[in-house]
1. Scan the stretch 73-81 and give yes if some residue there is of a type in the set (Phe, Trp, Tyr), open to solvent by 30 Å² or more (accessible area, probe 1.4 Å) and under 16 Å from SER18 (Cα atoms), otherwise no.
2. Of the residues ALA63, ALA118, ALA132, only one is over 19 Å from ASN6 (Cα atoms) and either at pLDDT 95 or above or among the aliphatic types (A, V, I, L, M) (or both); which?
3. For the stretch 24-41, check the following and say yes or no: at least one residue is modelled with pLDDT under 95 and open to solvent by 60 Å² or more (accessible area, probe 1.4 Å).
4. Name the single residue, out of those in the stretch 6-19 being touching a residue at least 24 places away in the same chain (Cβ under 8 Å) and of a type outside the set (A, V, I, L, M), that is least open to solvent (accessible area, probe 1.4 Å).
5. Could you say whether any residue in the stretch 3-18 is basic (Lys, Arg) and at pLDDT below 95?
Amino acid sequence: MTPASNIEVVRQALTAFSGKDAEAFVQLTAPEIEWTTGLGAIEGEVFCGHEGVRTYFARLSSAWEEFSFRPDDFRERDGTVLVLGRLQGRGRAGGVPVDSPVGAVWDLRDGKIWRLRAYLSHAKATQVAAIAD
């Protein structure tokens, strides 16, 4: 069996994220993962390690009735995957809908995600990833 491509690993992680499946997401990450968030009240906060991933999922679930990352574009270079899309959701308090651009820069090593940086701007994510069209 051949290892999954970096883009396939990221697709699986996005499926786990949108499905609120922290354990499936954890299985795709390195133990030392660093996840810098781009979502709402915890924007810019860094979650470290598998426990950090679980903590972030728990916070999302408590604040959001629904949330999903809808990818439109995948680009890859040298172990980095840039994903541009939309973040959609509805908050628990008041049911306010959210539909925002989102860009995420995923760094992989040996088939595992070791760093994830998310931004509510395609331009910022593209700049950070340094991957052009």
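1. At the first step, the residues of the stretch 73-81 found to be of a type in the set (Phe, Trp, Tyr) are 74.
Next, only the ones that are open to solvent by 30 Å² or more (accessible area, probe 1.4 Å) stay: 74.
Applying the additional criterion that residues be under 16 Å from SER18 (Cα atoms) yields none.
Checked against the condition, which is being of a type in the set (Phe, Trp, Tyr), open to solvent by 30 Å² or more (accessible area, probe 1.4 Å) and under 16 Å from SER18 (Cα atoms), the stretch 73-81 yields no hits at all.
2. Numbers: ALA118 fails: over 19 Å from ASN6 (Cα atoms); ALA132 fails: over 19 Å from ASN6 (Cα atoms).
ALA63 is the lone residue from the list that is over 19 Å from ASN6 (Cα atoms) and either at pLDDT 95 or above or among the aliphatic types (A, V, I, L, M) (or both).
3. yes
4. Taking the stretch 6-19 and keeping what is touching a residue at least 24 places away in the same chain (Cβ under 8 Å), we get 6-7, 9-11, 13-14, 17-18.
From what's left, of a type outside the set (A, V, I, L, M): 6, 11, 17-18.
Values: ASN6: 33, ARG11: 111, PHE17: 16, SER18: 38 Å².
Taking the candidates together, the pick is PHE17.
5. So the first thing to find is which residues in the stretch 3-18 are basic (Lys, Arg), and the list is 11.
Subsequent filtering for residues that are at pLDDT below 95 retains none.
No - not one qualifying residue is present in the stretch 3-18.
For (1) open to solvent by 10 Å² or more (accessible area, probe 1.4 Å); (2) β-branched (Val, Ile, Thr); (3) on the phi < 0 side of the Ramachandran plot, each residue gets a yes or a no:
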position	(1), (2), (3)
GLU51	yes, no, yes
ARG59	yes, no, yes
ASP110	yes, no, no
LEU116	no, no, yes
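The values are calculated or read from the model by the stated rules, or taken from the named source; none is laboratory data. Since this is a predicted model, take the numbers as computed values, not measurements. FYI the Cβ positions are ideal-geometry reconstructions off the backbone, even for glycines, and counts take in every protein chain you see. Heavy atoms of the whole protein, side chains included, go into the accessibility calculation; ligands, DNA and RNA do not. Shrake-Rupley method; radii C 1.70, N 1.55, O 1.52, S 1.80 Å.
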